[in-house]
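Student: Got a structure for you, written out below as structure tokens; questions coming shortly.
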Amino acid sequence: MFEERLNAHLRKTLPRGRVAVTRPAGCPELALYLFDPAVLDGPLSHDEAQAVVAEPAYWSFCWASGQVLARWLLRHPERVAGQTVLDFGTGSGVVAVAAAKAGAARVIACDLDPAALDAARANAHLNGVALECCDDWHRRPGAIDVITAADVLYDPDNRPLLEAFRSSASEVLLADSRVRDLGNEAYRCEAVVAARTWPDLNEFEEFNRVRIYRCGKNKG
């Protein structure tokens, strides 16, 4: 059922598209429904390429930053264990799923794209965890302990989110492969990790270095 629903979303812009269960190289602990590159026995047609650019199915790829932050949570479960976590711009849901696997008491996957929320639900089920969905940041549940987000700062207009996140939770965990300097001293770089989008999009090498940033009241 989940696979059919995701395929229907994907084929709105890529008629040959389908998803398959895979384990991203940067976070092999989790299985995800992602775009299956095996369906492309040749380059995209002009019309297909235009459709993909016009309405990209971001949720069907596991971006480098999402993989890195998800694995970091699995290795540092104390950051989310027993907490209420909101994953902003959840995409495939990889970070939300990791938070649930790491022992979060409640996980909310937040994304404007209905297809992304369907992907998050499907991937949560695939990994045997539960999460809630929210389609509007401004209608998020109250009492959030931790906010997670991966690759949401590529647009400079999104920079105000840094302060919005700080004021909405006790701790914020960000991962980004596009921005080297957040321009906000409240956020400290915790780690720099190499990773690639899965399936691999052959991006510039500079986009394959992910920085994890943390902003929190607890300094430990």
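Student: Output the residues belonging to the range 106-133 that are among the basic types (Lys, Arg) and either part of a strand (DSSP E or B) or without any contact (Cβ under 8 Å) to a residue 40 or more places away in the chain (or both). Full working, then the answer.
Tutor: Residues of the range 106-133 that are among the basic types (Lys, Arg), as a first pass: 106, 121.
Selection gives ARG106 alone.
Student: Test each condition in (1) open to solvent by 30 Å² or more (accessible area, probe 1.4 Å); (2) in contact with an Asp or Glu (Cβ under 9 Å, 6 or more places away or on another chain); (3) over 14 Å from TRP59 (Cα atoms) for LEU112 and report the one that comes out false.
Tutor: The number of the failed condition is (3).
Student: Which number in (1) out of contact with any helix residue (DSSP H, G or I) (no Cβ under 7 Å at 6 or more places or on another chain); (2) modelled with pLDDT of 95 or more marks the one condition that ARG180 misses?
Tutor: ARG180 satisfies every listed condition except (2).
Student: Let me ask another. Could you go through the range 95-105 and let me know if any residue there is more than 27 Å from ARG5 (Cβ to Cβ) and open to solvent by 50 Å² or more (accessible area, probe 1.4 Å). So that I can check it myself, show each step before the final result.
Tutor: Just the residues of the range 95-105 that are more than 27 Å from ARG5 (Cβ to Cβ), to begin with: 103, 105.
Restricting the remaining residues to those that are open to solvent by 50 Å² or more (accessible area, probe 1.4 Å) gives 105.
Yes, some residue in the range 95-105 is more than 27 Å from ARG5 (Cβ to Cβ) and open to solvent by 50 Å² or more (accessible area, probe 1.4 Å).
Student: Separate question: Considering only the range 65-89, how many residues are open to solvent by less than 10 Å² (accessible area, probe 1.4 Å) and polar (S, T, N, Q)?
Tutor: Selection size over the range 65-89: 2.
Student: Quick one: PRO199 ticks every box in (1) touching a Pro at 6+ places or on another chain (Cβ under 7 Å); (2) open to solvent by 80 Å² or more (accessible area, probe 1.4 Å) except a single one, so which number is it?
Tutor: The one condition PRO199 does not meet is (2).
Student: Could you say whether any residue in the range 145-153 is open to solvent by less than 20 Å² (accessible area, probe 1.4 Å), more than 15 Å from the chain's Cα centre (by Cα), closer than 17 Å to PHE207 by Cβ and at pLDDT below 95?
Tutor: Taking every residue of the range 145-153 in turn, none turns out to be open to solvent by less than 20 Å² (accessible area, probe 1.4 Å), more than 15 Å from the chain's Cα centre (by Cα), closer than 17 Å to PHE207 by Cβ and at pLDDT below 95.
Yes or no, residue by residue, for (1) touching a residue at least 12 places away in the same chain (Cβ under 8 Å); (2) of a type outside the set (D, E, K, R); (3) more than 23 Å from VAL19 (Cβ to Cβ); (4) in contact with a helix residue (DSSP H, G or I) (Cβ under 6 Å, 6 or more places away or on another chain):
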residue	(1), (2), (3), (4)
VAL95	yes, yes, no, yes
ILE147	yes, yes, yes, yes
PRO156	no, yes, yes, no
LEU162	yes, yes, yes, no
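Student: Can you pull out the residues in the range 1-19 that are surrounded by fewer than 15 Cβ atoms within 10 Å (Cβ to Cβ) and not in a helix (DSSP H, G or I)?
Tutor: Once the filter is applied, which keeps residues that are surrounded by fewer than 15 Cβ atoms within 10 Å (Cβ to Cβ) and not in a helix (DSSP H, G or I), the range 1-19 yields MET1, ARG11, LYS12, PRO15, ARG16.
Student: Collect the residues in the range 160-183 that are open to solvent by 30 Å² or more (accessible area, probe 1.4 Å) and part of a loop (DSSP other than H, G, I, E, B), keeping them in residue-number order.
Tutor: PRO160, SER167, SER170, ARG178, ARG180, ASP181, GLY183
The values are calculated or read from the model by the stated rules, or taken from the named source; none is laboratory data. Model, not experiment: these values are computed from the prediction. Ideal geometry is used to build each Cβ from the backbone, glycine not excepted, and the neighbour counts take in all protein chains shown. The protein model used for the area step is the full one, side chains on, heavy atoms only, and it has no ligands, DNA or RNA in it. Shrake-Rupley method; radii C 1.70, N 1.55, O 1.52, S 1.80 Å.
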